[in-house]
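In what follows, a single structure is set out as structure tokens and then discussed.
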Amino acid sequence: MAEIRYRPEIDGLRAFAVIPVVLFHMGWSYIPGGFIGVDVFFVISGFLITSIIIKELGQGTFTFRNFWARRVRRILPAMICVTLVTLGVTYAFVFGPDQRVIGKQALASLLSVANIYFWQNAGDYWGQAAEESPFLHAWSLSVEEQFYLFFPIAVWIIFRLRSRWLQGSILTAIVASLALFLWGLQTHPEATFYLLPTRVWELGAGCLLAVLLSTRRTTLPQSDQLGTFANAGLIMVLMSYAFIPQTSGGMAVAVLGTAFILACGHSGFANALLSHPSAVHIGKLSYSLYLWHWPILVLARPLGIHWPGASDKLLIVLLMYLMSLATYHLIEKQTRRRKGMVPAIAICLLIAIGSAVPLAWTPRVYDTSEFETPHSYSYYYDLRPTQTMTPEFQLVYQGVDLPPREAPSDAFANGGIIVGAGDASPRVVVLGDSHGTMWSSAIRSVVEPLGVKTAFISMGAQSPFFTLPVTDDRPSHVLNAEEKRRYDESRIHLMEQWHPALVILCCRWSSVSEAETEDLMGVLASHADSVLLMEQPPELLDIGNRSVSQYLAFQGYRPQPATRQYWPAGNVQNVENGRHLVRSLVAKYPNCKCIPVHDVYREHSTALVLDGKDLVYVDDDHLTTFGSRLALPQLQRSITEALRDTQTLPDRSELKVLSEAF
């Protein structure tokens, strides 16, 4: 077994791994595969750890105690520091209900199960919930830490039984993990992304290379010819960042390229570039830089730094570098090689855990008593067969008067909630997602005085659109496959049977593409006399799936009598795309018109959130009952015109009835 010597090009390779990750997370569009830098780290880790284990096993000096103590000294001190600072900033500046989630994330990170936590709670790595998690990046560290726990045991057992089985065992693990990875991408993408078994092939690639290079017969000479392979490897890694954003392809190219560099990077252009002092310097800081970059990006907004701006980005990069530099010199270098540090590190770990626990399990709420109690009928009109009051839902609707649903649980497949007397079929049908449930109360206040029988068929977290032909193999987020089939078939059948005079379609248009509307719109074009497409209100910046009353109190908003207060509009481009889609559908289908309500709530680049003491929004895109009723004039005008055009209104003057109702 050859001696393990320091190779500066490996530190340089770390720099070429961490910088793309940071730039990718900052939204740099030139490196759509920048996240693959994490996979480069996996290969490096597997290579170095296996090299150390095999060397010590060959010399008879390997002990689990020493191995894991080195890992503790290498990983935990900097992680504990970043965690404590992040928790402190969170407590001082972050919205109270979010602190509970961040506290739980911190605990998962400190206990090396962050990947499992985010798989279970954040879901899609690219989703909004994940983007707002300051410990999201710890998933990859947990993967490595779990690997460090199990891999040495496996190597020790194989080495004791028959050392020549090691290569074949690692190769078998790589093949099995890669097969599981490729299968999981199609069937369980979140689990495949986060969990160790589907990442073993990347770590194992470095392990196998270390085993091969540890034997004399496969030791590669340090010749200039091999530099060509290292150069090719570096090009492959860079290409994976710039041109191959697809998950599996980019990872495979990066893993193979990293292996070429590790095996052949002793010479050539790649060696010169990776061994450059600047690259080596950043590489030495790479662990601290990786730890700091994501919390800084996530927590910048609560601190008032909106980093899409060039000056803010420069400030953030400088802050990342300075924090990484300080952590490396003051913590990493001071603890890495001091064998007696483990007890002190354990105490610090307990302190960090103790700091996270109060945030994770102590609710922090704000006084909203100055606001009028908001009301919402969203739950009342929500036809989900199982209405689960999740903890997240409870936080959003905290303090909101939320009447329960009275309809039976199978109403979603049996005509919905029908208002109006008589045996005749409903003449008005309201279809929608959670925006349909949001508007239903206001719509009812218009149609009920007119004596027009109406069916409300909307479901929270469930798109109103469907794909033909309807099958029983398309489960959704809230419906199993059978329920989804029944829901879609029921609505199609009802349209054919009732042939309503008016269908009002309400949804969050900012999340809808034109292609997914085609089948429903085709059914409505054939079986409804008139269709009204309800615009969505503006969305609120930064608030997301949070309680508006709590968030406004957190931001210091106080109601002012007879005064309207506004909040910056968010997701503006997607909302405008949704408005354009509505106009496009109106132009495409002759029986379609739009109910223009967006501008009721918008003033320039802001949205109305407070009208005196009354809250207009529940969360970033759902209105309170008060908020929805601000659009009653638009609803009244559009609905009465549509019903008059289809000769559905009773003989008595609808305007007189409406004036009395309002």
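Could you grab the pairs with beta carbons closer than 6 Å, sequence gap of 6+ or different chains, first residue in the stretch 306-330 and touching a residue at least 60 places away in the same chain (Cβ under 8 Å) and outside the structural domain of GLY283 (by TED's automatic domain parsing), second one in a helix (DSSP H, G or I) and surrounded by 13 or more Cβ atoms within 10 Å (Cβ to Cβ)?
Matching pairs, first to second residue: none at all.
Would you pick out the residues in the stretch 40-60 that are polar (S, T, N, Q), at pLDDT 95 or above and more than 30 Å from the chain's Cα centre (by Cα)?
THR50, SER51
Within the stretch 558-579, can you find the residues that are surrounded by fewer than 11 Cβ atoms within 10 Å (Cβ to Cβ) and farther than 15 Å from ASP611 by Cα?
Scanning the stretch 558-579 gives a single hit, GLN573.
Would you mind stating whether ILE102 is over 21 Å from PRO363 (Cβ atoms), touching a helix residue (DSSP H, G or I) at 6+ places or on another chain (Cβ under 9 Å), part of a helix (DSSP H, G or I) and in contact (Cβ under 8 Å) with a residue 40 or more places away in the chain?
No: the conditions fail for ILE102.
On the given criteria, is VAL609 touching a strand residue (DSSP E or B) at 6+ places or on another chain (Cβ under 7 Å) and over 20 Å from GLY436 (Cβ atoms)?
Yes, satisfied.
Output the residues belonging to the stretch 341-356 that are loosely packed, with under 14 Cβ neighbours inside 10 Å, closer than 30 Å to PRO97 by Cβ and either among the small types (Gly, Ala, Ser) or touching a residue at least 60 places away in the same chain (Cβ under 8 Å) (or both).
ILE351, GLY354 - these are the residues of the stretch 341-356 that are loosely packed, with under 14 Cβ neighbours inside 10 Å, closer than 30 Å to PRO97 by Cβ and either among the small types (Gly, Ala, Ser) or touching a residue at least 60 places away in the same chain (Cβ under 8 Å) (or both).
If you go through the stretch 499-511 one residue at a time, do you hit one that is within 25 Å of ARG637 (Cβ to Cβ), in contact with a helix residue (DSSP H, G or I) (Cβ under 7 Å, 6 or more places away or on another chain), among the hydroxyl-bearing types (Ser, Thr, Tyr) and not in a loop (DSSP other than H, G, I, E, B)?
Yes, that holds for at least one residue.
Take GLY268 and tell me if it is in the same structural domain as ASP39 (by TED's automatic domain parsing) and closer than 8 Å to ALA230 by Cβ.
Considered against the rule, which asks whether it is in the same structural domain as ASP39 (by TED's automatic domain parsing) and closer than 8 Å to ALA230 by Cβ, GLY268 comes out as yes.
Within the stretch 539-569, take every residue that is under 11 Å from ASP367 (Cα atoms) and not in a loop (DSSP other than H, G, I, E, B) and give me the one that is farthest from the chain's Cα centre (by Cα).
Going through the qualifying residues, I end up with ALA553.
Per-residue answers, yes or no, for (1) in the same structural domain as LEU524 (by TED's automatic domain parsing); (2) surrounded by fewer than 19 Cβ atoms within 10 Å (Cβ to Cβ):
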position	(1), (2)
ARG384	no, no
GLU406	yes, yes
ASP410	yes, yes
ASP433	yes, no
GLU448	yes, yes
LYS453	yes, no
SER463	yes, yes
THR467	yes, yes
VAL470	yes, yes
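Limited to the stretch 600-617, what total is found for residues that are part of a loop (DSSP other than H, G, I, E, B) and of a type outside the set (Val, Ile, Thr)?
Residues flagged as part of a loop (DSSP other than H, G, I, E, B) and of a type outside the set (Val, Ile, Thr) within the stretch 600-617 amount to 4.
Just for the stretch 580-592: of the residues that are of a type outside the set (Ser, Thr, Tyr) and surrounded by fewer than 17 Cβ atoms within 10 Å (Cβ to Cβ), which one is farthest from PHE554 (Cα to Cα)?
Going through the qualifying residues, I end up with PRO590.
So which residues in the stretch 429-476 are small (Gly, Ala, Ser) and out of contact with any helix residue (DSSP H, G or I) (no Cβ under 6 Å at 6 or more places or on another chain)?
GLY432, SER434, GLY436, SER440, SER445, GLY451, ALA455, ALA461, SER463
Give the residue, chosen from ARG486, ARG491, that is at pLDDT 95 or above, crowded, with 22+ Cβ neighbours inside 10 Å and farther than 19 Å from VAL582 by Cβ.
ARG491
From the set of residues in the stretch 357-382 that are hydrophobic (A, V, I, L, M, F, W, C) and farther than 30 Å from LYS613 by Cα, which is surrounded by the most Cβ atoms within 10 Å (Cβ to Cβ)?
Result: LEU359.
Return only the number of the condition from (1) crowded, with 18+ Cβ neighbours inside 10 Å; (2) assigned to a loop (DSSP other than H, G, I, E, B); (3) under 24 Å from the mean Cα position of the chain (by Cα) that GLN398 does not satisfy.
In the conditions (1) crowded, with 18+ Cβ neighbours inside 10 Å; (2) assigned to a loop (DSSP other than H, G, I, E, B); (3) under 24 Å from the mean Cα position of the chain (by Cα), GLN398 misses (1) alone.
The values are calculated or read from the model by the stated rules, or taken from the named source; none is laboratory data. Remember, predicted model here, so these are calculated numbers, not experimental data. A quick note on method: Cβ atoms are made from the backbone with ideal geometry, for glycine too, and the neighbour counts reach across all protein chains shown.
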